[in-house]
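To start, the structure under review is shown below, and the notes come after it.
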Amino acid sequence: MPDASRPSGDPVGRPAGHPVGAGRYAPSPSGDLHLGNLRTALLAWVLARGTGRAFHLRIEDLDRVQEGAAARQLEDLAALGIDWNGEVVHQSARHAAHEAAIASLQERDLVFECYCTRREILEAPSAPHAPPGAYPGTCRDLSPAEREAGRARMTALDREPALRLRAEVSSWRVHDRWAGEVTGTVDDLVLRRGDGVVAYNLAVVVDDAYAGVDQVVRADDLLSSAPRQAHLAHLLGLPEPGYAHVPLAVNTAGVRLAKRDGAVTLRDRLAAGEDAGDVVERIGDSLGVPGCRTAADLLARWDPETLSREPWVVDLPR
Ligand code: GLU
């Protein structure tokens, strides 16, 4: 059980006595949500409400922000019948908490500065079994003189050094509602980028804990990030949430659904003469529960046990 009575002043500044037991949906406001995003949001809402949890929305606006997209996303979610508890959190307003978490890792010597460019990382010879592009450890154990040289180089490039976690484990295990026990890589992941932006992996952990989120539902392209995030939570003394990664939506060629696939957003569907109920119905059909017109219908009728783990192939009439 997460600790509900954590004192304030903890690494994420979570208020004391914050209620526990919540799900969430955390879109990046880079454009309108497409059918796959809407399906994930509905599933997150149903899984939270169906287990008596609160449901929170968080706008992940640390980068890739499109003007006006966040407000449209909230409107679209509401149109499907999704409701939420409390204020919508904007991740950009959580800077102090993100920095406090980094500072608490720094105090334990779990952070190092990295002066590598992306290109240097890609071109460096990596460890024998490391995936391509994995951080080769270049800046992990530099001498003070080498660090000075690295900082001077950054200053010349008008960049900050990135901050990386000095990982002391190479893997971590999480539990996923459908995938079961999943063990995945933990590496010297970036905590703050060279452009000063706090890394997604850190922000998501700090902000989920702050909101009392103990159930993370999202698309399964993020399953491989869950062990890193759970390990960070562990290091920060935060409860590790349970995970439920749901299949991605793909086009008829099996490629991840995108804007170029046609009329894939709610607004596109409305322009094509459908209404929000039709869109929920389309999503319900994909889940094997025909005739659902609102999020509440799905909550009443969809059994999470029946979720297919295959991607949802979206085949829209042209
Ligand atoms: N903001 C991420 C996205 O829109 C989701 C992050 C998460 O749910 O952890 O893909």
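The values are calculated or read from the model by the stated rules, or taken from the named source; none is laboratory data. All figures in this text were calculated on a predicted structure; none of them were measured in a lab. In this analysis, Cβ positions are derived from the backbone assuming ideal geometry, glycine residues included, and neighbour counts consider all displayed protein chains.
Of all residues in the stretch 35-61, which are more than 19 Å from Asp297 (Cα to Cα) and crowded, with 21+ Cβ neighbours inside 10 Å?
Passing the criteria: His56, Leu57, Arg58, Ile59, Glu60.
Being within 16 Å of the ligand (Cβ to nearest atom), modelled with pLDDT of 95 or more and within 25 Å of Leu202 (Cβ to Cβ), is that true of even one residue in the stretch 311-318?
Checked the stretch 311-318: no residue is within 16 Å of the ligand (Cβ to nearest atom), modelled with pLDDT of 95 or more and within 25 Å of Leu202 (Cβ to Cβ).
Counting just the residues of the stretch 193-221 that are more than 13 Å from the ligand (Cβ to nearest atom) and β-branched (Val, Ile, Thr), which one comes out farthest from Leu43 (Cα to Cα)?
Looking at residues that are more than 13 Å from the ligand (Cβ to nearest atom) and β-branched (Val, Ile, Thr), I get Val197.
Could you run through the stretch 116-148 and say how many residues are under 25 Å from Gln106 (Cβ atoms), within 28 Å of the chain's Cα centre (by Cα) and part of a loop (DSSP other than H, G, I, E, B)?
The qualifying residues number 9.
Considering Arg177, Arg119, Arg173, which residue is closer than 30 Å to Thr51 by Cβ, exposed (fewer than 15 other Cβ atoms within 10 Å of the Cβ) and of a type outside the set (A, V, I, L, M)?
Only one candidate qualifies: Arg173.
From Ala296, Ala253, Ala233, Ala272, which residue is under 24 Å from the mean Cα position of the chain (by Cα), hydrophobic (A, V, I, L, M, F, W, C) and on the phi < 0 side of the Ramachandran plot?
Going through Ala296, Ala253, Ala233, Ala272 in turn, just one is under 24 Å from the mean Cα position of the chain (by Cα), hydrophobic (A, V, I, L, M, F, W, C) and on the phi < 0 side of the Ramachandran plot: Ala233.
Criterion first (within 13 Å of the chain's Cα centre (by Cα) and among the β-branched types (Val, Ile, Thr)) does Thr40 satisfy it?
When the stated conditions are applied, Thr40 passes them.
For the subset of the stretch 27-86 comprising residues that are in a strand (DSSP E or B) and among the aliphatic types (A, V, I, L, M), which member is nearest to the ligand (Cβ to nearest atom)?
By that ranking, first place goes to Ile59.
Among the residues of the stretch 219-233, which ones are in a helix (DSSP H, G or I) and closer than 23 Å to Leu74 by Cα?
Asp220, Asp221, Leu222
So, of the residues in the stretch 234-260 that are surrounded by fewer than 21 Cβ atoms within 10 Å (Cβ to Cβ) and not in a loop (DSSP other than H, G, I, E, B), which turns out to be nearest to the ligand (Cβ to nearest atom)?
Arg256
Can you name every residue in the stretch 87-113 that is in a loop (DSSP other than H, G, I, E, B) and either without any contact (Cβ under 8 Å) to a residue 24 or more places away in the chain or more than 17 Å from the chain's Cα centre (by Cα) (or both)?
Matches in the stretch 87-113: Glu87, Arg108, Asp109, Leu110.
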